[in-house]
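Working notes, structure below.
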C-alpha cells in the first residue's frame, strides 16, 4: 500500500488543532454557540476554469469567557452551481471519511482556529468537473455545528494566452498535476519508495522485492513523463496564469523526488524566482518552508512559514503555514 504523506501532514495539523483547543473538563456543553463568529475566507472571488478554489474556515469564540461545545470534528464543504441545489463536495479519488465520534472541546475566551479549505476542480463522479465552465457558484464550509455563510465564486472565461493554455489543458490533462496532492495520487516520491524498499527487504521474498523494483521503475518513468509534459506546457504558454501553476507543480516534484532523489537545487530555483516575480507568492514561500523542513533546517523553515502567515495573501496557505509553525514549536519544546 502506498503511504500518503499529505494525509500524514493533515493528521499532524489536526492533532495540533485539537491540542490547542484542549478537551473539555466538565461544565455545561454547547450552551452558547452564539458566542462564536464563523466565516470563510477565499483566496479570490474569481478563478479560471480547472484551477482550484482555496480558502480558510475561521471559528472564533468572541465572548469574554471559555465555551465548551460537543461536536463530531470534521470539515465539510458543500457547493451550489448557479441556481442548483446545495451538494456535498467530495473530490475525485479521495475516500469519503467516516464521521468521527462526538467529543467535547473547550474554546478559550477570544480563541480563534483556522481550517485550510481546498476545492479542486474534480468531483467524485463520472466526468464531473466543478470549475470546467464559466459561470457563478457558491461554496460554504462547516465544522461540527459551525457553518459559514456562502462565498460566491465566479469562474471566468479565459482570454488571450490563458485561453490558448486552457484549450491545451483540456486536450492534454496536464492540469491534474496542479492539484496539491498530485504526487500522492499519480506519482511516487523518494520517501514512499524508501518505505517500499523497507517493506520488500523485510518480506524476505526475492520475487516480491523484484516486483517492488519494477513498480518503482514505472513510477519514476511516469514522473519523468509528467515533468516533460509540464515543461512543454510552460514553454508553449510561458505568460499564462496556468504556467505559474505548472511551475509550482515542477517545484513540488523536485522537493518530493518523484524522478529519483529530491532535487532541492531545482526546487529552490523555481520557487525563489516565483517569489521574485511575485507569482503565487504565498504558495512559493510555503513550499520553500517545506523544502527547508525536508532538509532539516527548522529555523529556516519557520522563517518561511512565518512570512507566509504574516505576508501571504492566500488564506489556505496562511492557515497551513500557521499549523506548520505550531508543529515546529511543539517539536522544539523539551520533553
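Values quoted throughout were computed directly from the atomic coordinates according to the rules given, and no laboratory measurement underlies them. Treat the numbers as computed from the prediction; the structure is a model and nothing was measured. No Cβ is skipped: glycine too gets one built from the backbone with ideal geometry, and neighbour counts run over all protein chains shown.
Annotations
- Packing around the peptides 72-85, 311-324, taken as the average count of other Cβ atoms within 10 Å per residue, puts them in this order, highest first: 311-324, 72-85.
- The stretch between residue 133 and residue 279, if pulled fully straight at 0.36 nm per residue, gains 50.1 nm over its current Cα-Cα span.
- A simple spin-label model places pseudo-atoms 7 Å from Cα toward Cβ; at residue 172 and residue 75 they are separated by 3.0 nm.
- When peptides 142-151, 236-245 are sorted by average Cβ neighbour count within 10 Å, with the highest value leading, the order is 236-245, 142-151.
- Label-to-label distance, nm, for residues given as residue 97 and residue 147 (7 Å Cα→Cβ offset): 1.9
- Calculated FRET efficiency for the pair residue 310/residue 109, C-beta based, R₀ 25 Å, to 0.05: 0.55
- Spin-label model distance (nm) - residue 300 vs residue 85, 7 Å beyond Cα toward Cβ: 5.3
- Calculated FRET efficiency for the pair residue 65/residue 264, C-beta based, R₀ 35 Å, to 0.05: 0.15
- What the Cβ-Cβ distance of residue 331 and residue 272 gives, at R0 = 30 Å and to the nearest 0.05, is a FRET efficiency of 0.70.
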